[in-house]
Amino acid sequence: MIFKAERSPLLIAVIIFCLYLPFFESFSLGTLWSLNWHSPAVMDSLGDLLRVVKLILVLTGTLLLAVYNQTIQNTIRHRVAFGTFVICSWILVPVQIPMLLLGIMFSGVSMSPADYVHKEKIFDNTTIYAYTADPGAMGRAYHHFYLKCPRALGRYELIKIAKLNWMGSFEFAVVNDELIVDEENGTSHQYTLSDFSCD
């Protein structure tokens, strides 16, 4: 057996790592607690991989809970503390597994290519990032435009400029400190960038 039958604080630590850490990460505002490293496209890809890793961790934690129940009871000797830990841990299993499976399934069947969902262009010292949120038949599609600001250690911050209805194909550029978004039908949208700053 990996863990001794008598007592094993390491077992408790591993179960907490496998069940509780993925849960808290899943309910944070962004991938890896909004790490925002390198680019939104990288963080999106990392999020897809992270869902698989979290599913493996949760399944491992579930197996440890089922196999080493007596060791857990020997380690957490207080009955209320033992009961609370075991019940809370088992509650996290059916909460997380379906959500992670759905996340993996939806990320795997996404109809939009990554270069359509994430567009990033640099104009002199200004970086504009465009994110296309297209849920398909489940809702309306929008384009979100952000000023991408560099932060320490390769991180970034996004400052929202505009949200536009779905346009299909579009182009954007920065001219004279203005963001210009051109739709394929000839409609143009302009936003003054002096209202937004990375400082």
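Here are a few things to note about the model shown:
- Per-pair calculated FRET efficiency, R0 = 25 Å: Val93 and Gln70 via Cβ, rounded to 0.05: 0.85
- Beta bridges per DSSP with both ends in the stretch 114-192, % antiparallel, nearest 5: 100 percent
- Packing rank of 156-166, 140-150, 187-197, where each peptide gets the mean count of other beta carbons within 10 Å, highest leading: 140-150, 156-166, 187-197
- With θ taken as phi - 60° and the Karplus curve 6.51 cos²θ - 1.76 cosθ + 1.60 applied, the whole-hertz 3J(HN,Hα) list for the stretch 65-72 is 4, 6, 7, 10, 4, 5, 5, 4 Hz, x standing for glycine and proline.
- Residues whose amide H falls under 5 Å from that of Glu120, counting only those 5 or more places apart or on a different chain, are Ala130, with hydrogens built in the peptide plane.
- Considering only alpha-carbon pairs that sit under 8 angstrom and 6 or more positions apart, the relative contact order computed for the chain is 16 percent.
- Cysteines without a disulfide-compatible neighbour (Cβ-Cβ under 4.7 Å), the chain: Cys18, Cys88
- Residue-averaged [θ]222 nm for the chain, counting only DSSP H segments that reach four residues, each worth -39500 (n - 2.57): -13000 deg cm²/dmol
- Relative contact order computed over the stretch 114-192 (Cα-Cα under 8 Å; 6+ residues apart), in percent: 18 percent
- Working note: Cα atoms of the stretch 114-192, range along each principal axis, descending, whole Å: 39, 28, 18.
- Ser107-Asn125 pseudo-label distance in nm [points 7 Å out on the Cα-to-Cβ vector]: 3.6 nm
- His189-Leu29 pseudo-label distance in nm [points 7 Å out on the Cα-to-Cβ vector]: 2.3 nm
- Cα→Cβ-extended label distance, 7 Å offset, between Ala141 and Val86, nm: 5.2 nm
- Structure-derived mean projected area of the Cα convex hull in nm² - corresponding label in (1) 14.8; (2) 12.6; (3) 10.5: (1)
- Max mean-square fluctuation residue, GNM over the chain, Cα-Cα springs under 10 Å, options Gly61, Gly186, Gly168: Gly186
Read-outs throughout are calculated quantities, based only on the coordinates presented, and are distinct from any laboratory measurement. Predicted model, so just to flag it, every value in this text is computed and none were measured. Glycine gets a Cβ as well: all are built from the backbone with ideal geometry, and neighbour counts include every protein chain shown.
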